[in-house]
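Step one of this worksheet: look at the structure below.
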């Protein structure tokens with residue numbers, strides 16, 4: 001008799017030469033690249049704002065924010081609309097993140113998670129929740145509330161050399 005193992009869905013995407021995951025509950029929708037309006041005097045990771053059904057939404061270059069380098073917009077680039085509020089899908093999207101490509105939705109079992117090592121990750125470990133086994137490969141799971149923390153982003157914007 002086969003046992004059911006509860007799984008949890010994650011979105012797997014590319015940033016630069018690496019692949020990352022985020023909890024699918026935080027993903028509102030995936031959009032093609034839309035025209036972005038630049039915002040003066042902000043750090044380079046703020047790509048601009050976009051109009052999404054009448055709402056002005058900031059778009060963050062996720063690779064640039066994580067120190068992986070700015071995205072080069074290509075045919076597979078996407079804007080992933082994410083919510084920083086836990087487990088809510090019916091609110092207006094709070095932010096867009098630019099990624100190099102969306103790969104797939106994967107289901108991971110509880111045993112497919114590993115703790116984040118203190119050293120040896122391309123991304124600062126404080127921005128990672130776990131390593132999720134995807135196709136046998138330990139794939140970093142981003143902690144979006146930590147990466148996109150409004151207070152931290154505001155601090156970075158205030159300290160940005162572009163403001164001077």
| field | First in the range 135-152 and over 17 Å from residue 58 (Cα atoms), second anywhere and part of a helix (DSSP H, G or I) and modelled with pLDDT of 90 or more, Cβ under 7 Å, 6 or more apart | value | 142/127; 143/127
| query | Any idea which residue in the range 124-164 is nearest to the chain's Cα centre (by Cα), counting only those that are modelled with pLDDT of 90 or more, assigned to a loop (DSSP other than H, G, I, E, B) and more than 15 Å from residue 43 (Cβ to Cβ)? | reply | 143
| From the residues in the range 52-77 that are outside any loop (DSSP other than H, G, I, E, B) and touching a residue at least 60 places away in the same chain (Cβ under 8 Å), which one is nearest to residue 126 (Cα to Cα)? | 65
| task | Say whether the condition of being modelled with pLDDT under 85 and touching a helix residue (DSSP H, G or I) at 6+ places or on another chain (Cβ under 7 Å) is met by at least one residue in the range 82-99. | result | yes
| task | Give the number of residues within the range 20-32 that are surrounded by fewer than 18 Cβ atoms within 10 Å (Cβ to Cβ) and without any contact (Cβ under 8 Å) to a residue 60 or more places away in the chain. | result | 1
| request: Consider residue 14 carefully, then state whether it is assigned to a loop (DSSP other than H, G, I, E, B) and closer than 27 Å to residue 125 by Cα. | output: no
| field | In the range 47-70, residue surrounded by the most Cβ atoms within 10 Å (Cβ to Cβ) [restricted to those that are more than 10 Å from residue 98 (Cβ to Cβ) and in contact with a helix residue (DSSP H, G or I) (Cβ under 9 Å, 6 or more places away or on another chain)] | value | 66
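The values are calculated or read from the model by the stated rules, or taken from the named source; none is laboratory data. Since we're looking at a predicted model, the values are computed, not measured. Glycine also receives a Cβ, built like all others from the backbone with ideal geometry; neighbour counts cover every protein chain displayed.
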